[in-house]
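A short worksheet on the structure shown next.
The values are calculated or read from the model by the stated rules, or taken from the named source; none is laboratory data. Since we're looking at a predicted model, the values are computed, not measured. Heads up, the Cβs are rebuilt from the backbone with ideal geometry, glycines too, and the neighbour counts pull from every protein chain shown. Ligands, DNA and RNA are stripped out before the accessible areas are found, and what is left, the full protein with its side chains, is counted by its heavy atoms. Shrake-Rupley method; radii C 1.70, N 1.55, O 1.52, S 1.80 Å.
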Amino acid sequence: MGDLAAIILAAGKGTRMKSDLVKVMHPLAGAPMVAWPVEAARQAGTSRMVLVVGHQADTIREHFAGTEQVAFALQEEQLGTGHAVASAAAALGGFTGRVLILCGDVPLIRPETLRGMIDAHGATGAALTVLTTRLENPFGYGRIIRGFDGRVIRIVEEKDATPEERGRREVNAGIYCADAAFLFGAVTRIGNDNAQGEYYLTDIVTMANEQGLRCTAHAVADPVEVMGVNDRAQLAEAGRFARQRINRELMLDGVTIVDPAATYIDRGAVVGRDTTVHPGVHLSGETRIGEGCTIEQGAVIKGSTLGNGCVVEPGAVIRSCRLGSRVMVKAGSVMEDAIIHDQTAIGPMAHLRPGTELMAHVKIGNFVETKKITMGEGSKASHLTYLGDASIGSNVNVGCGTITCNYDGVRKHRTVIEDDVFVGSDVQFVAPVTIGRNSLIAAGTTVTRDVPPDSLAIARAPQVNKDGWKLKQRDQ
Ligand code: UD1
Ligand code: CA
């Protein structure tokens, strides 16, 4: 559909948000509000899009930089919606198809609805089609004034309306489909003789009628789709609807969501079928969860990929990680920038810091902290351990209380532990140090020199027993 373009109005400040951030960049289920209509327009089949920006134009530009189809038009002064569309004309110079007009603060419009409007526009032969809905409380919206034959003859803004007009319930959603030739001819001729002294886009309805062109309304049944967000209360309300929609789609695709009202899944997250998501879970960023996983209460997963059959227990935090299949992340574990291969078990209360890579069948137990390490297949560190700047081979057992002393106060140094090494409890590796394969480090050893393969390293003071010492102490 090369003949469809979109203009998205996003130059306003959004005073009622009372925010340092421009309104349309406030996040709604993980994506800036304005990204929602942009995506809806794209899915409706546009070939190009112009975002009209003004307030914090650079913030918006930066967000969409490199996004296919999206161009920008700067509206330096916000003189009204008509002026905003006129500002986009140059960016669509020579375009002769149909133009969709959307608002950056009407995020929940669905692509199906836009397609319905575009089809109706074609079918009725209108030059302008306005999306409308009926509201119980139409306050603040432009009212649709229809002629006897049902055509739309005028839109009147709340502030300009007579009491009789204000009583009408059919409102302008602020979303339109127009023929480019008519639209760009009309917007340059809009005046600002009205209650707000603004150039109202809605005046093009009257202009179409004056030119003998057809202007029709396309009604949308669900007012949620055309809900405008002006303050943070409405933002939260829109967020609730957005999440409902996301959760519903996932459920229909085979995901069990135990309590959708208490589950926070951002737009764009992918969840495989037969995965169960418990209440209080947050899935955000580019997150992909495989099939048959269980994500328990309050887990927070951001920008991460999980394979199939993973279990994430309550309160775990997983950020920017890649997990293979059947990985078990136990309660309260925190992991960031880590790569975790199949069938590993982590936690409870483990802390995997950036640069951790665990190969298959690794076990990291409670109160274990890792940073910049690789750990080979089948290796274990089951309790109370710090492993930083280390390469650990496969089938290594790291005893409880082991510490890699990686920092000398100036520089970081590496510890290398080769395959099949057994590290007893309470061992310190004063890096740099290398432990040859199949060696044994005795409990309590402070390792300061390399250990050759197949050896025993032991460094601890011989034990002295003083017979009857305690009794003598009492007799004194
Ligand atoms: C507008 C409509 C109203 C409709 C309502 C639906 C007009 C005159 N009125 O009113 O009929 O019922 O939307 O939500 O069009 N913007 C710019 N530049 C400007 C002014 C606005 O880019 O100079 C952008 C805003 O950032 C916003 C959108 O256009 O995203 C709508 O503007 P807003 O001022 O909120 O219009 P409403 O008063 O809501
Ligand atoms: Ca508005």
Next item on the list: May I ask you to derive the FRET efficiency for residue 219 and residue 188 from their Cβ-Cβ distance with R0 = 30 Å, giving the value to the nearest 0.05?
Entry: 0.55
Next item on the list: Of the options 139, 275, 21, report the single residue whose Cα projects farthest towards the positive end of the charge dipole of the chain (beta-carbon charges: Lys, Arg +1; Asp, Glu -1).
Entry: 275
Margin query: What's the ranking of 101-112, 139-150 by average number of surrounding C-beta atoms within 10 Å, highest first?
Written below: 101-112, 139-150
Item checked: Contour excess over end-to-end distance, with Cα ends at residue 59 and residue 383 and 0.36 nm allotted per residue -> 112.0 nm
Margin query: Give the lysines whose C-alpha is closer than 21 Å to that of residue 380, dropping any in the same chain fewer than 8 places away, or say none.
Written below: 330, 363, 371, 372
Notebook entry, point to check: What is the dipole size for the stretch 95-154, taken about its Cα centre, with +1 at each Lys and Arg Cβ and -1 at each Asp and Glu Cβ, in debye to the nearest 20?
Noted result: 160 debye
Checklist line | Solvent-free Debye scattering, log10 I(q)/I(0), computed from the Cα coordinates of the chain at q = 0.12 Å⁻¹ | finding: -0.99
Notebook entry, point to check: In a shell of Cβ-Cβ distance under 11 Å around residue 343, excluding residue 343 itself, what net charge do Lys and Arg (+1) and Asp and Glu (-1) give?
Noted result: 0
Next item on the list: Roll a 1.4 angstrom probe over the protein heavy atoms and tell me the percent of accessible area of the chain that is carbon or sulfur.
Entry: 50 percent
Checklist line | Listed peptides 166-174, 409-417, 317-325 by packing density, highest first (mean Cβ within 10 Å) | finding: 317-325, 166-174, 409-417
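Multiply the residue separation of residue 407 and residue 112 by 0.36 nm, subtract the distance between their alpha-carbon atoms, and state the gained length in nm to one decimal.
100.3 nm
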Note to self: Can you report the principal axis dimensions of the stretch 274-433 using only the alpha carbons, biggest first, rounded to whole angstrom?
What the structure shows: 46, 31, 21
Notebook entry, point to check: Picking from 100, 70, 87, whose Cα lies most toward the positive end of the charge dipole for the stretch 62-137 (charges on Cβ: Lys, Arg +1; Asp, Glu -1)?
Noted result: 100
Notebook entry, point to check: To the nearest Å, what is the center-to-center distance of the stretch 283-305 and the stretch 54-90, using C-alpha atoms only?
Noted result: 35 Å
Check: When we measure straight from the Cα of residue 159, which lysines land under 16 angstrom away, once same-chain ones fewer than 8 places off are left out?
Finding: none
Notebook entry, point to check: Is the shape of the stretch 210-368 best called rounded, prolate or oblate, per the rule: a/c under 1.5 gives rounded, else a/b larger than b/c gives prolate, else oblate, with a ≥ b ≥ c the square roots of the Cα gyration tensor eigenvalues?
Noted result: prolate
Notebook entry, point to check: Given a 1.4 Å probe, how much area per residue of the chain is accessible, in Å²?
Noted result: 46 Å²
Margin query: Less than 17 Å apart at the alpha-carbon level, and either on another chain or at least 8 residues along: which aspartates and glutamates does that give for residue 466?
Written below: 475
Next item on the list: Measure nothing fancy, just the Cα-based angle from helix 232-252's long axis to the longest principal axis of the chain, in degrees from 0 to 90, nearest 10.
Entry: 70 degrees
Margin query: Using the Cα atoms of the stretch 276-332, I'd like the radius of gyration and the largest Cα-Cα distance, Dmax, both in angstrom.
Written below: 9.5, 24
Notebook entry, point to check: Taking a ≥ b ≥ c as the square roots of the eigenvalues of the Cα gyration tensor of the stretch 375-418, is the shape rounded (a/c under 1.5), prolate (a/b larger than b/c) or oblate?
Noted result: oblate
Next item on the list: Give, as a single signed number, the net charge of other residues whose beta carbon lies under 13 Å from the beta carbon of residue 455, with Lys and Arg counted +1 and Asp and Glu -1.
Entry: -2
Check: Taking square-rooted eigenvalues a ≥ b ≥ c of the alpha carbon gyration tensor, is the stretch 101-222 rounded, prolate or oblate, where a/c under 1.5 means rounded and, failing that, a/b exceeding b/c means prolate?
Finding: rounded
Check: Based on Cβ point charges of +1 for Lys and Arg and -1 for Asp and Glu, what charge dipole magnitude is obtained for the stretch 196-335 about its Cα centre, in debye rounded to the nearest 20?
Finding: 640 debye
Next item on the list: Over the stretch 135-186, consider all pairs of different Cα atoms and compute the Kirkwood hydrodynamic radius from their mean reciprocal separation; express it in Å, one decimal.
Entry: 12.1 Å
Check: Could you give the dipole magnitude of the stretch 1-140 about its Cα centre, charging the beta-carbon of Lys and Arg +1 and that of Asp and Glu -1, in debye to the nearest 20?
Finding: 200 debye
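When ranked by the protection proxy of mean other Cβ atoms within 10 Å per residue, highest first, what sequence do the peptides 460-466, 183-189 form?
On the way: 460-466: 6.4, 183-189: 18.9.
Order by mean packing, descending: 183-189, 460-466.
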